[in-house]
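To start, the structure itself, in structure tokens.
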Amino acid sequence: MANETWLFGYGSIMWNTGFNFETSELCHVKGWVRRFWQGSTDHRGTPEFPGRVVTLIESASEHCWGTAYRLPACEATDIIDDLDYREKGGYDRTELSLTLSSGRTIAGITYIAHPHNPNYLGESPLEDIARQISFSTGPSGSNKEYILELHQALEQHNIQDGHVETLAQLILRQTESTL
């Protein structure tokens, strides 16, 4: 099984997979945390009004839960090529060690937007991030849809993520106050 290809999904891949896979399992990566610090000018925003999407940020004492997908061997290369294109807005394909919910540790790949990329927005007050997400829309849809779909996917898997939870609640409150 050494030639298996596993992909770690921690953002839109969790609710908008878009590829075939043989199996999936909850997993986590140690030393990383999910944050809405990456700008999206090609999917959930525009160059003039970028949206915000998640990336992984190094954080030695934390871990990030998501889903590991085992790709079919005969399709893995094509799937990775498609994902390289999908994640082109500043993400680098990165190898990580994944710990499956069963306890097994495997090698996997994921996509991380590092601070050196031109779309990286970095940390901001959560209220500002929520406001930006609330008003951004791009070719793939509204940025608000992105975070609410991610929030729902995390809840369905009983994954606690304070950053996503707080932002989703701020966005829902902003939406209610504008009605």
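We did not get these values from a lab; they are worked out from the coordinates using the rules stated. This is a predicted model, so every value here is computed, not measured. In this analysis, Cβ positions are derived from the backbone assuming ideal geometry, glycine residues included, and neighbour counts consider all displayed protein chains.
Taking a ≥ b ≥ c as the square roots of the eigenvalues of the Cα gyration tensor, region 30-95 is oblate, since a/c reaches 1.5 or more and a/b is not larger than b/c. The trypsin sites (Lys or Arg not before Pro) of region 98-172 that meet both conditions, a loop assignment by DSSP and at most 12 other Cβ atoms within 10 Å of the site Cβ, are R104. Positive contributions from Lys and Arg (+1) and negative ones from Asp and Glu (-1), summed over other residues with Cβ under 11 Å from the Cβ of I129, come out at 0.
Using a Förster distance of 30 Å, how high is the FRET efficiency between Q160 and H116, based on the Cβ-Cβ distance and rounded to 0.05? The pair Q160/H116 has a calculated efficiency of 0.50.
Modelled spin-label separation between S102 and Y85, with each label point placed 7 Å from Cα along the Cα-to-Cβ direction: 3.3 nm.
The residues packed around E95, meaning those with a beta-carbon under 15 Å from its beta-carbon, carry a net charge of -3 if Lys and Arg are +1 and Asp and Glu are -1.
Taking all Cα pairs closer than 8 Å and separated by 6 or more residues, the relative contact order of region 76-160 comes to 17 percent. For GluC sites (Glu not before Pro), the sites in region 1-62 that DSSP calls loop and that have at most 16 other Cβ atoms within 10 Å are E4, E22, E48. Taking every Cα-Cα distance in the chain and sorting them into 10 Å bins from zero, the calculated P(r) comes out as 10, 39, 37, 13, 2, 0 percent. Listed by Cβ neighbour count within 10 Å, with the fewest neighbours leading, K88, K30 appear as K88, K30.
Each of V53, V29 was scored by other Cβ atoms within 10 Å of its Cβ. Listed from fewest to most, they are V29, V53. As a proxy for reagent exposure, ranking S40, S134, S124 by other Cβ atoms within 10 Å from fewest up yields S124, S134, S40.
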